[in-house]
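Worksheet: one structure, shown below.
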Amino acid sequence: MTYKAVLCGCGSMAKGWLRALRDTPNLSDSVTVVGLVDIDRAAAEALAYESGLANVAIDTDLETMLRRTSPDLLFDIVIPSARRAVVAAGLAHGCHVLSEKPMAASIEEARELRERADRAGRLHAVVQNRRFIAGVRRIRRLIEENLLGRLTGLHCDFFLGPHFGGFREEMDHVLLLDMAIHTFDAARFMSGKDPLAVYCHEYNPPGSWYRHGAAADAIFEFSDEVVFTYRGSWCAEGGPTSWESAWRIVGTKGTLLWDGADTFEAKVVAGTDGFLRPLEPVIVPAPANEADTHGHASVIESFVSAVRGGSRPETDGSDNIKSLAMVFGAIDSARDRRRVTIAA
């Protein structure tokens, strides 16, 4: 079966979605983009031309496009403040919806969208593409196989200095809401644990070119006595980490270091004597499924497969709301300067 899709939001992010749809055989054969929507018609027309979508419908109004094309799928790539209305419209017209992150602009809106999706009998999932990379999948398998012993902590550093321009530089809580959700979601996924509470300090360092909240430090309490710590900044020049962060994963038997790219170093205790115990290396296993390591393409494939099979995809809103709750828990903690219990 070939599914008809409308894409709403034709900014730079949309190009990555269309490349994944075009260049992935399972997607190019099963999804046809029939409409592009943007409040700036010229942006939609430019995207259609650049992407070779010669016969695609173009409109500035989503409701009109949904009535006109009757799509099966809606790809939501709008700015966060517009997400609720776009997702609600898609669900009301019988579409399964795949959204950019964050899932919603507030936890209350996220809960509302979950309820709307359930009432409509449709899926609402979120593009958490950074959990669909080889490194994250390898660490998940390492932890599942207890190669470090019982997991006790995940610790990460995220320090970059991107100059986006546009809406990000005017956002409230830009690091936590727009980027840290990727890292928080990865920590949840790799550990297999649920977030319980957080203490966070959010700030905007001197020299920041963002209006608000370009840096944050947070301590999360996860289930089973696991701790996750996060140190991050989006205005840190001179010593960039990977976009996936630099990680230290600690268990009762040893530690894994991951640079967020291709370098892994895992060692476990190899003896019972000595002030510092001797160590031996551990091979970090390959991902359980190579098909789950292709970023955007893997997320969209998972979504389409779930639509076809009547199941819930990995990044369904019922799961992703837990990552969003980490974000808003951190924001509330930073505002109130207190430990906050996390409730999705």
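Yes/no matrix, rows are residues, columns are (1) modelled with pLDDT under 95; (2) more than 18 Å from Glu301 (Cα to Cα):
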{"site": "Arg22", "(1), (2)": "yes, no"}
{"site": "Pro25", "(1), (2)": "yes, no"}
{"site": "Ala43", "(1), (2)": "no, yes"}
{"site": "Leu53", "(1), (2)": "yes, yes"}
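Of the numbered criteria (1) farther than 18 Å from Glu144 by Cα; (2) in contact with an Asp or Glu (Cβ under 9 Å, 6 or more places away or on another chain), the one Lys193 fails is (1). Determine whether Phe189 is farther than 27 Å from Val127 by Cβ and either of a type in the set (Phe, Trp, Tyr) or in contact with a helix residue (DSSP H, G or I) (Cβ under 7 Å, 6 or more places away or on another chain) (or both). Taking the combined requirement at face value, the residue does not satisfy it. Scanning the stretch 83-107 for residues that are surrounded by fewer than 18 Cβ atoms within 10 Å (Cβ to Cβ) and at pLDDT 95 or above yields a total of 3.
Mind listing just one residue for me: the one in the stretch 148-178 that is aliphatic (A, V, I, L, M) and in contact with a helix residue (DSSP H, G or I) (Cβ under 9 Å, 6 or more places away or on another chain) and, of those, surrounded by the fewest Cβ atoms within 10 Å (Cβ to Cβ)? Show your work before the answer.
Taking the stretch 148-178 first, the residues aliphatic (A, V, I, L, M) are 148, 151, 154, 160, 171, 174-177.
With the extra rule that they be in contact with a helix residue (DSSP H, G or I) (Cβ under 9 Å, 6 or more places away or on another chain), the set shrinks to 148, 151, 154, 160, 171, 174, 176-177.
On the way: Leu148: 22, Leu151: 23, Leu154: 26, Leu160: 18, Met171: 21, Val174: 25, Leu176: 29, Leu177: 21.
Checking each candidate, the answer is Leu160.
If the condition is being surrounded by fewer than 21 Cβ atoms within 10 Å (Cβ to Cβ) and not hydrophobic (A, V, I, L, M, F, W, C), then the stretch 211-225 contributes Arg211, His212, Asp217, Glu221, Ser223, Asp224, Glu225. Entry remark, the stretch 86-119: residues being touching a strand residue (DSSP E or B) at 6+ places or on another chain (Cβ under 6 Å) and basic (Lys, Arg) number 1 in total. Restricting attention to the stretch 48-65, and to residues there that are under 13 Å from Leu21 (Cβ atoms) and out of contact with any helix residue (DSSP H, G or I) (no Cβ under 6 Å at 6 or more places or on another chain), which single residue is surrounded by the fewest Cβ atoms within 10 Å (Cβ to Cβ)? Only one residue tops the list, namely Gly52.
Residues that are of a type in the set (Ser, Thr, Tyr), over 17 Å from the mean Cα position of the chain (by Cα) and either assigned by TED's automatic domain parsing to the domain that holds Ala266 or not in a loop (DSSP other than H, G, I, E, B) (or both): does the stretch 173-193 have at least one? Outline the logic, then answer.
In the first step, residues of the stretch 173-193 are kept if they are of a type in the set (Ser, Thr, Tyr); the result is 183, 191.
Those left that are additionally over 17 Å from the mean Cα position of the chain (by Cα): none.
Taking every residue of the stretch 173-193 in turn, none turns out to be of a type in the set (Ser, Thr, Tyr), over 17 Å from the mean Cα position of the chain (by Cα) and either assigned by TED's automatic domain parsing to the domain that holds Ala266 or not in a loop (DSSP other than H, G, I, E, B) (or both).
Listed by position, the strands (runs of 3 or more DSSP E) contained in the stretch 1-89 that have at least 1 residues being touching a residue at least 60 places away in the same chain (Cβ under 8 Å) are 3-8, 31-37, 73-76. When you scan the stretch 176-189, do you find a residue that is over 15 Å from Gln128 (Cβ atoms) and not aromatic (Phe, Trp, Tyr), even just one? Yes: the stretch 176-189 contains one or more residues that are over 15 Å from Gln128 (Cβ atoms) and not aromatic (Phe, Trp, Tyr). Counting just the residues of the stretch 277-326 that are among the hydroxyl-bearing types (Ser, Thr, Tyr) and under 13 Å from Arg137 (Cα atoms), which one comes out surrounded by the fewest Cβ atoms within 10 Å (Cβ to Cβ)? Here the answer is Thr293. Of all residues in the stretch 149-186, those satisfying the criterion of being farther than 25 Å from Ala125 by Cβ, modelled with pLDDT of 95 or more and out of contact with any Gly (no Cβ under 7 Å at 6 or more places or on another chain) are Gly153, His155, Asp157, Leu160, Gly161, Pro162, His163.
The values are calculated or read from the model by the stated rules, or taken from the named source; none is laboratory data. Because the structure is predicted, anything quoted here is derived from the model rather than measured. As a convention, Cβ positions derive from the backbone with ideal geometry for all residues, glycine included, and neighbour counts pool all protein chains shown.
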